[in-house]
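> My questions all concern the structure below.
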Amino acid sequence: MRNSFEDVYTLDRVNLNDEVSEWNICARVAMYMEKRMRAYDFLNGTELFKGYYVDVEYNRSYGGNPKIVDGHKVRVDLIVQTREETKPNYLVLEMKKPDNPEKRVDDERELNRMVRPRQEGASDYYNCGSYVGVFIDYNKDSYWGKIYWYNDSKNDVEIRDFHRNDMLNILEELFR
């Protein structure tokens, strides 16, 4: 994921400098991310990302139902997901420019819920169980944020702050 953000800072510098919308930046990240997923599987002879897609502004759950988290309809900025009910999502991402504080509390609540384990019978069953959630603040010079994941041994969501230079180390630490 970090490499996809670095691609934006390398290849889409004009967009960042022009302060284009969050939607544009998120779509660029998605494009780079999906290409990297396919390349990873090809180069390593794996199927780790087979059946997974990077979707932007996704608002549907399994079976085409609206995506619901804690009783509220949601549309996530970016999600790396399968479109099958049995597999967990790899990643849920919310992005914000620091000067856009609207919905920040809702976005963080959604990430916190979406990394929790699926609970049988819950109305948001298919929207939970993501491996990791990431909230990113960004500007034309850098990005930083929070990483969310569910810690089974603590039965709770862990949240860790990151800066551009240490994001990759934190993600590698989580997925060892």
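The values are calculated or read from the model by the stated rules, or taken from the named source; none is laboratory data. Remember, it's a predicted structure, so these values are computed and weren't measured experimentally. Cβ sites come from the backbone with ideal geometry, for glycine too, and all protein chains shown count toward neighbours. These accessible areas exclude ligands, DNA and RNA; they are computed on the full protein's heavy atoms, side chains included. Shrake-Rupley method; radii C 1.70, N 1.55, O 1.52, S 1.80 Å.
> Efficiency by 1/(1 + (r/R0)^6): what FRET value for residue 105 and residue 165, r their Cβ-Cβ distance, R0 = 45 Å, to the nearest 0.05?
The formula returns an efficiency of 0.95 here.
> While we're looking at this one, here's another question. When the helices in the chain are scored as -39500 (n - 2.57) per DSSP H run of 4 or longer and the sum is shared across all residues, what 222 nm value do you end up with, to the nearest 500 deg cm²/dmol?
-10000 deg cm²/dmol
> Leaving out ligands, DNA and RNA, what percent of the accessible area of the chain is carbon and sulfur, probe 1.4 Å?
Roughly 47 percent of what the probe reaches on the chain is carbon or sulfur.
> Listed here are the pairs 50/97; 67/146; 35/87; which of them are more than 25 Å apart at the Cα?
From the list (50/97; 67/146; 35/87), the Cα-Cα distance tops 25 Å for 50/97.
> Write down, largest first, the equivalent ellipsoid semi-axes of the stretch 81-121 in whole Å, where each equals the square root of 5 times an eigenvalue of the alpha-carbon gyration tensor.
25, 12, 6
> Using amide H atoms built 1.01 Å from N in the peptide plane, name the residues 5+ places from residue 134, or on other chains, whose amide H lies under 5 Å from its own.
So residue 134 has HN proximity to 92, 93, 94, 148.
> Quote the FRET efficiency, to the nearest 0.05, computed for residue 75 versus residue 157 with a Förster distance R0 of 25 Å and r equal to the Cβ-Cβ distance.
0.75
> Now for a different question. Near residue 73, which lysines are there with a Cα under 16 Å away, not counting those fewer than 8 places off in the same chain?
Cross-link targets: 103.
> What ranking of 83, 118 comes out by heavy-atom accessible area, probe 1.4 Å, highest first?
Descending accessible area places them as 83, 118.
> Next question. Could you order 82, 46 by accessible surface area, starting with the largest, using a probe radius of 1.4 Å?
Output order, biggest surface exposure first: 46, 82.
> For the chain, just the Cα atoms, rotate onto the principal axes and tell me the three extents in Å, largest first.
47, 43, 33
> Taking 7 Å along the Cα-to-C-beta vector as the label spot, tell me the residue 120-residue 86 distance in nanometres, rounded to one decimal.
1.6 nm
> If packing is taken as the mean number of other Cβ atoms within 10 Å per residue, what is the order of 7-20, 28-41, highest first?
Listed from highest to lowest mean packing, they are 28-41, 7-20.
> If you don't mind, there's one more thing I want to ask. I need the calculated FRET efficiency for the pair residue 19 and residue 44, taking r as the beta carbon distance and R₀ as 41 Å, to the nearest 0.05.
Given R0 = 41 Å and the Cβ-Cβ separation, E is 0.65.
> Got a sec? What order do 144, 23, 149 fall in by accessible area at 1.4 Å, biggest, i.e. largest, first?
Result, largest first: 23, 144, 149.
> Given a 1.4 angstrom probe, what's the average accessible area per residue across the stretch 91-135, in square angstrom?
I get 45 Å² per residue for this part.
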